[in-house]
Amino acid sequence: MAARIVGLGQEWAGDDGAGLAVLRSLRAALSTLPHSIVEEWHGPAAHSAGMKMLSPVGRAAVPACCGEASIDLVEAADPTQLVSLLTDGADPVVIIDAVLDQGPAGRVLLIDAGSDPNSTHLLSTHGLGVMEAIELARIAHPKEVAQRIFIVGITIQSANRGGTGLSPAVAAALPIAAAQALKLAESA
């Protein structure tokens, strides 16, 4: 099955929309490639989980010398939606999300959710954090969960409920996060 990149966040919460902004920039970039394949992704899990699925979802073709692979691009508003996205056969799965941090906003963190012992200490802007959702998927569906799960985190200072738009520091990090997410997804 295809690799998957999940953009996580709420665009109405200021910098918490960073994951969605990265995913949308990837979708726009991939749709302009001459070899890209654009398909619509409809999964029963997407509708039952209430996910906001924008269509068409971009699928990028790898150059012919390397065979053909595809990357599903999916938006999710909440980490609870990750359980079904991590257990339907996609591998690797790259999750892009805003991460609360004491340091400066706009840093890009790369986390291997399977091997980074510090990743369980990430502070999420969501009630159920990304790492908890990954662990729930592993416990509930140990045989179906993706073997390779990565997080591309963009550090933020706070989620501004009711605010729109990204801070300049977070907006500047989007191209770096997009490139890292694509590189991880293409490692399939």
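The values are calculated or read from the model by the stated rules, or taken from the named source; none is laboratory data. Bear in mind that the values here come from a model prediction, so they are computed numbers and not experimental data. Quick reminder, even Gly has a Cβ in these numbers, built from the backbone with ideal geometry, and neighbours come from all protein chains shown.
State whether one or more residues within the stretch 148-164 are touching a Leu at 6+ places or on another chain (Cβ under 9 Å), surrounded by 16 or more Cβ atoms within 10 Å (Cβ to Cβ) and at pLDDT below 90. If you could, list the steps in order and put the result at the bottom.
Of the stretch 148-164, the ones touching a Leu at 6+ places or on another chain (Cβ under 9 Å) are 148-159.
If we keep only those that are surrounded by 16 or more Cβ atoms within 10 Å (Cβ to Cβ) too, we end up with 148-157, 159.
Those still in the list that are at pLDDT below 90 too: 157, 159.
Within the stretch 148-164, one or more residues are touching a Leu at 6+ places or on another chain (Cβ under 9 Å), surrounded by 16 or more Cβ atoms within 10 Å (Cβ to Cβ) and at pLDDT below 90.
Which ones in the stretch 6-32 are touching a residue at least 12 places away in the same chain (Cβ under 8 Å) and among the aliphatic types (A, V, I, L, M)?
Matches in the stretch 6-32: Val6, Leu8, Ala13, Ala18, Leu20, Ala21, Val22, Leu23, Leu26, Ala29, Leu30.
List the number of the failed condition for Thr87; all other conditions in (1) more than 15 Å from Ile151 (Cα to Cα); (2) crowded, with 23+ Cβ neighbours inside 10 Å; (3) among the β-branched types (Val, Ile, Thr); (4) at pLDDT 90 or above hold.
(2)
Name the residue, out of Pro104, Pro63, that is surrounded by fewer than 17 Cβ atoms within 10 Å (Cβ to Cβ), modelled with pLDDT under 85 and more than 15 Å from Val6 (Cβ to Cβ).
Numbers: Pro104 fails: modelled with pLDDT under 85.
After applying the criteria, what remains is Pro63.
Does the stretch 134-167 hold any residues that are free of Cβ contacts under 8 Å to residues at least 40 places away in the same chain, outside any loop (DSSP other than H, G, I, E, B) and of a type outside the set (D, E, K, R), and which are they?
Ile139 - this is the single residue of the stretch 134-167 that is free of Cβ contacts under 8 Å to residues at least 40 places away in the same chain, outside any loop (DSSP other than H, G, I, E, B) and of a type outside the set (D, E, K, R).
Select, from Ala18, Ala13, Ala46, Ala28, the only residue that is at pLDDT below 50 and in a helix (DSSP H, G or I).
Within the list Ala18, Ala13, Ala46, Ala28, the selection yields Ala46.
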